[in-house]
Amino acid sequence: MFRNQYDTDVTTWSPAGRLFQVEYAMEAMKQGSAAIGLRSKTHVVLGCVNKANSELSSHQKKIFKVDDHIGLAIAGLTADGRVLSRYMRNECINYNFTYESPLPVGRLVVQLADKAQVCTQRSWKRPYGVGLLVAGLDESGAHLYYNCPSGNYFEYQAFAIGSRSQAAKTYLERRFENFTDSSRDDLVKDAITAIRETLQGETLKSSICTIAVVGVGEPFHILDQGTVQQIIDTFEIAAEQEGPAAEPDAATGRDTAAEQGTAADQGGSTDEGVAPMDI
Amino acid sequence: MNFMASKQPENSLLGPEADSQRTLYPYVTGTSVVALKYKDGILMAADMGGSYGSTLRYKNVERMKAIGKHSLLGASGEISDFQEILRYLDDLILYDNMWDDGNSLGPKEVHNYLTRVMYNRRNKFNPLWNSLVLGGIKNGQKYLGTVSMIGVNFEDDHVATGFGNHLARPILRQEWHENLSFEDGVKLLEKCMRVLLYRDRSAINKLQIAKITEEGMTISQPYSLKTYWEFSAFENPTQGAVGSW
């Protein structure tokens, strides 16, 4: 995208009918680290790649619980994401107080989208620079929505946002038809695998990814590091044992499995020492 | 809810001139409502009387109304306040329908909404002078609750308002059980309404019974109960009573 004379404020249309400020806001979202989401009929899993400013700092919080039945993952300006998640928590609490019933995620997502739209039509505001993957339950089952800075929202079976999300999207596109009937554990495994795709060869360990689950009978919660690491370890073992007949990326899996195996073990023990702020 | 633009120079609602702005006593009132859960949903009964003090002035007042697809509301107390509540609920259901998604407000949500409304009005010393019964069924779950004019709310298998609490609830406590059939439910309600007819001076012998099930709400045509006044205790009722001669 090039700088031009129509991109100074959000209330100026370009001759081609585009609002450049909104599009630039979407760019900001693409710079953030990856977040993915996938759902079955009864469960939704969110996953994200954690970035930290330096080895000394804690990881950026990208997954937020909004209510027992709703949670979200963000990509982009995390400050904007935090503010929006506070708004969502407020809406859920108010609805629950008045109706003693959980706010249907479909309605929350529309309210969120309307809030984002306002920022695309006021000259003294700027669009939110964050994309949200909202996972939640309502009367009609489990849902995954994607809210973007433009004020649009879409429902997805599986989606990925942020940098290098295309790799995850490709993986999800191959597999999404099976998700509806997947078990909860398979869904989590698929989420972790999708995250691995975005890492492009970087070692996958539980300290750099966060997984959260919500489902029928299971309130939204973030899986703890130990659990996630265990699941990652089972992949590595499976990849080693299955050999060339398995998934296409098993070959790379096998080569690097040995190093990943040891790195994961080391990573596991040192991380347990480090971490009060992780996730 | 109560957006009154008071032009009074009153800083408190409790001064003498501000009294014209808030409800102090009811004028046209309905008497008891009785309701119970049965096999397929909820049954509710109320007579069609609107009393003006001690005068049984209006005899065609429908005190039970359907709310949305899943709920049924019955009210006793000030009839005009009941009509106001129906307007609030109309708006509520309208906005709920306008979302046009797969979600809808069920009886539990409506009950809690009403509790909030009643309690907030009570806190402003301007109550809606009603006792409400809210029943319904959604996705197989039966729900029956009540809210009073001061915001007291609870759910139960059978509820009543006003005199119904004193005369009908004891009967229901003895004779109600799970999975009543429709006929048994109606018989039980009629038994309660008959006692109320004999003993509550504001009851009239013209009642309706409403039922709500997954299929929807139906309300019977008004009808009257058979009564028997030839009990020997009703002849010369004061003979031998303390203080009589």
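The values are calculated or read from the model by the stated rules, or taken from the named source; none is laboratory data. Here the structure is a predicted model, which means the values were calculated and not measured. Cβ placement follows ideal geometry from the backbone for every residue including glycine, while neighbour counts extend to all protein chains displayed. The accessibility values were calculated without ligands, DNA or RNA, using every heavy atom of the protein model including side chains. Shrake-Rupley method; radii C 1.70, N 1.55, O 1.52, S 1.80 Å.
A few remarks follow.
- Within the stretch B:47-64, considering residues that are among the aliphatic types (A, V, I, L, M) and assigned to a loop (DSSP other than H, G, I, E, B), the one nearest to the other protein chains (Cβ to nearest Cβ): B:V61
- Test for A:D138: is it open to solvent by 10 Å² or more (accessible area, probe 1.4 Å) and within 14 Å of chain B (Cβ to nearest Cβ): yes
- Any hit, the stretch A:13-33, residues being in contact with a Pro (Cβ under 9 Å, 6 or more places away or on another chain), in a loop (DSSP other than H, G, I, E, B), open to solvent by 40 Å² or more (accessible area, probe 1.4 Å) and aromatic (F, W, Y): no
- Being within 14 Å of chain A (Cβ to nearest Cβ), hydrophobic (A, V, I, L, M, F, W, C), touching a residue at least 40 places away in the same chain (Cβ under 8 Å) and surrounded by 13 or more Cβ atoms within 10 Å (Cβ to Cβ) holds for only one residue in B:I67, B:I42, B:I85, and it is B:I67.
- Subset tally (residues that are open to solvent by 10 Å² or more (accessible area, probe 1.4 Å) and not acidic (D, E)) for the stretch A:194-205: 5
- Only residues that are assigned to a strand (DSSP E or B) and either within 13 Å of chain B (Cβ to nearest Cβ) or of a type in the set (F, W, Y) (or both) were counted in the stretch A:63-104, giving 1.
- Positions within the stretch B:86-129 being polar (S, T, N, Q) and assigned to a helix (DSSP H, G or I), in sequence order: B:N97, B:N112, B:T115, B:N120, B:N123
- Tally, over the stretch A:151-168, of residues that are surrounded by fewer than 19 Cβ atoms within 10 Å (Cβ to Cβ) and away from every other protein chain (no Cβ under 14 Å): 8
- Test result for B:M149, within 13 Å of chain A (Cβ to nearest Cβ) and either of a type in the set (G, A, S) or under 18 Å from the mean Cα position of the chain (by Cα) (or both): no
- So A:R174, is it more than 14 Å from every other protein chain (Cβ to nearest Cβ) and in a helix (DSSP H, G or I): yes
- Members of the stretch A:54-97 that are open to solvent by 60 Å² or more (accessible area, probe 1.4 Å), under 15 Å from the mean Cα position of the chain (by Cα) and among the aliphatic types (A, V, I, L, M): A:L77
- The residues of the stretch A:206-226 that are within 21 Å of A:S57 (Cα to Cα) and either open to solvent by 30 Å² or more (accessible area, probe 1.4 Å) or of a type in the set (G, A, S) (or both), listed by number, are A:S206, A:S207, A:I222, A:D224, A:Q225, A:G226.
- Selected residue (criterion: farthest from the other protein chains (Cβ to nearest Cβ)) from residues of the stretch B:88-104 that are among the aliphatic types (A, V, I, L, M) and over 16 Å from the mean Cα position of the chain (by Cα): B:L94
- With a requirement of 1 or more residues that are over 26 Å from B:T29 (Cα atoms), the helices (runs of 4 or more DSSP H) lying completely within the stretch B:148-245 that satisfy it span B:169-175, B:182-199.
- Near pairs, Cβ below 8 angstrom, 6+ apart or cross-chain, from the stretch B:145-156 (in contact (Cβ under 8 Å) with a residue 40 or more places away in the chain and of a type in the set (A, V, I, L, M)) to any residue that is in a strand (DSSP E or B) and surrounded by 15 or more Cβ atoms within 10 Å (Cβ to Cβ): B:M149/B:G77; B:M149/B:N130; B:M149/B:S131
- Taken together, B:G136, B:G162, B:G140 contain a single residue that is touching a His at 6+ places or on another chain (Cβ under 6 Å) and either crowded, with 18+ Cβ neighbours inside 10 Å or within 14 Å of chain A (Cβ to nearest Cβ) (or both), which is B:G136.
- Which listed residue is open to solvent by 50 Å² or more (accessible area, probe 1.4 Å), within 23 Å of the chain's Cα centre (by Cα) and of a type in the set (A, V, I, L, M), from B:I209, B:I204, B:I219: B:I219
- Near pairs, Cβ below 8 angstrom, 6+ apart or cross-chain, from the stretch B:106-127 (within 13 Å of another protein chain (Cβ to nearest Cβ)) to any residue that is aromatic (F, W, Y) and surrounded by fewer than 17 Cβ atoms within 10 Å (Cβ to Cβ): B:R116/A:F97; B:V117/B:Y88
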